[in-house]
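Enquirer: I have a structure here, written as structure tokens, and I will follow up with some questions on it.
Coordinate-derived values only; no laboratory data. Only a predicted model underlies this, so the values are computations on that prediction, with no experimental measurement involved. Here Cβ is always computed from backbone atoms with ideal geometry, including for glycine, and neighbour counts include all displayed protein chains.
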Amino acid sequence: MAFTRNIFLVGPMGAGKSTIGKQLAQQLKMEFFDSDREIESKAGVDIDWIFDVEGEAGFRVRETEMIKELTEKQGIVLATGGGAVVELENRKVLGGRGVVVYLDVSLEQQLERTRRDRRRPLISQADNPEEAIKRLHDERAPIYEELSDYKISTDHGSVRQVAKQIVDLLLSED
């Protein structure tokens, strides 16, 4: 299975971008990157700390720099943070340097998958996490839709099955 174009995964938190991205990279024998983990590695601190000290605006600057850097690589699978698409510059880079796959998830599944996760500052710091997730969904879903080349639901099927579904789509276009 030779797929040489970059594959960028976008979608909300809890959609499975990192987990599915690792499996997808393995199936296609590509290198995997997670922009959030790369930001943490470069900064030497976790994203919560960046949000606490620099705010969301400071984090978004770091995120844009990292996405530019990572998308210059060839033949990678990149899992982006849920809010990466908010910045127009990120959308241009992602759309211009690879295939964008929107991993969609129902609000019910998203709530279930993120319920106990404390590493997501936009919901862990919210007074009402459920309302915050719904608001983010309403704001970002149209952007994911517009940016993506493909849309895949992650509500059903195993990680391996969803990754295989993406592989099949990508290889059918090549």
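Enquirer: Report the one residue of Trp49, Gly11, Ala132 whose Cα lies farthest in the direction of the positive end of the charge dipole of region 7-162 (charges on C-beta: Lys and Arg +1, Asp and Glu -1; origin at the Cα centre).
Expert: Gly11
Enquirer: Please identify the trypsin sites (Lys or Arg not before Pro) of region 11-83 that satisfy two criteria: DSSP loop assignment and at most 14 other Cβ atoms within 10 Å. Which are they? Don't skip to the end; give the middle numbers.
Expert: Details: sites: Lys17, Lys22, Lys29, Arg37, Lys42, Arg60, Arg62, Lys68, Lys73; in loops: Lys29, Lys73.
Counting only loop positions with at most 14 other Cβ atoms within 10 Å, the trypsin sites (Lys or Arg not before Pro) in region 11-83 are Lys29, Lys73.
Enquirer: Counting only C-alpha contacts under 8 Å and six or more residues apart, can you give the relative contact order of the chain as a whole percent? Please report the intermediate quantities before stating the final value.
Expert: Values: 263 pairs, mean separation 60.9, N = 174.
After rounding, I find 35 percent.
Enquirer: For each pair in Lys29/Lys151; Lys22/Lys73; Lys42/Lys164; Lys73/Lys134, compute the distance between the two Cα atoms and list the pairs where it is over 26 Å.
Expert: On the way: Lys29/Lys151 22 Å; Lys22/Lys73 17 Å; Lys42/Lys164 31 Å; Lys73/Lys134 34 Å.
Beyond 26 Å between Cα atoms: Lys42/Lys164; Lys73/Lys134.
Enquirer: Considering the chain, what Rg and Dmax in Å follow from its alpha-carbon atoms?
Expert: Rg and Dmax of the chain, Cα atoms, are 15.3, 46 Å.
Enquirer: To the nearest 20 debye, what charge dipole does the chain have about its Cα centre, counting +1 at the Cβ of each Lys and Arg and -1 at the Cβ of each Asp and Glu?
Expert: Working: 25 positive and 32 negative charges, 108 e Å.
Using Cβ point charges on Lys, Arg, Asp and Glu, the chain gives about 520 debye.
Enquirer: Moving on to the next point. Quick one: check the C-alpha center-to-center distance for region 68-92 versus region 44-67, whole angstrom.
Expert: Between the Cα centre of region 68-92 and that of region 44-67, the gap is 15 Å.
Enquirer: Report the gain in length on full extension from Tyr150 to Ser41: 0.36 nm times residue separation, minus Cα-Cα distance, nm rounded to one decimal. Spell out each step's value before the answer.
Expert: Numbers: separation 109, 0.36 × 109 = 39.24 nm, distance 2.96 nm.
Taking Tyr150 through Ser41 to full extension adds about 36.3 nm, to one decimal.
Enquirer: Sticking with this structure for a sec: Pop the C-beta distance of Glu112 and Asp168 into the FRET formula with R0 = 35 Å and round what comes out to the nearest 0.05. Don't skip to the answer; put the middle values down first.
Expert: On the way: r = 27 Å, r/R0 = 0.77.
For R0 = 35 Å, the calculated efficiency reads 0.85.
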